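Single-structure report; data block below.
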Amino acid sequence: MLLSILAVNGPPGTEKTTLVLSIIATEWVRAALNKTEPPVVIATSTNNQGVTNIIEAFDKDFGKGAGTMAGRWLPELKSYGAYFPSSGRRAEATNKYQRDDFFNRAVRAA
């Protein structure tokens, strides 16, 4: 297992999210071309907005519309990523993202 860490820091409006999304997309395409499993990406931030920006960007680009890459292939999923927010944000995150309860249900079902 290869573990890579990338730290991205900068003031608001400097396209940090765009950089991270480009790196994730590149790694997913690389995995597809090499016929390997796509990487698991863990994004963290000192604030919730940094993480939700990344998750929501994939939904904006791929979550709706028509065509081969549009829409979710697993309709029970709420988003393209899991979100583990601070305790103050848990309630609002439940309706919009997969949280720890989603994974706990999957483990119990297995």
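The values are calculated or read from the model by the stated rules, or taken from the named source; none is laboratory data. What you see is a predicted model; the values in this text were computed from it and never measured. Heads up, the Cβs are rebuilt from the backbone with ideal geometry, glycines too, and the neighbour counts pull from every protein chain shown.
Look at (1) modelled with pLDDT under 80; (2) at positive phi and you find that GLU15 fails only one, number (1). The residue of the range 46-100 that is modelled with the lowest pLDDT, among those that are in contact with a strand residue (DSSP E or B) (Cβ under 9 Å, 6 or more places away or on another chain) and assigned to a helix (DSSP H, G or I), is ASP100. Filtered by the rule that a residue be at pLDDT 70 or above and more than 15 Å from the chain's Cα centre (by Cα), the range 101-110 gives ASP101, ASN104, ARG105.
For the range 8-44, give me the residue count where each residue is assigned to a loop (DSSP other than H, G, I, E, B) and of a type in the set (Val, Ile, Thr). Reasoning before the result, please.
Step one: of the range 8-44, the residues assigned to a loop (DSSP other than H, G, I, E, B) are 8-15, 35-44.
Remaining after also requiring of a type in the set (Val, Ile, Thr): 8, 14, 36, 40-42, 44.
Number satisfying all stated conditions: 7.
What are the residues in the range 28-41 that are surrounded by 10 or more Cβ atoms within 10 Å (Cβ to Cβ) and closer than 24 Å to ARG99 by Cα, if any? Matches in the range 28-41: TRP28, PRO38, PRO39, VAL41.
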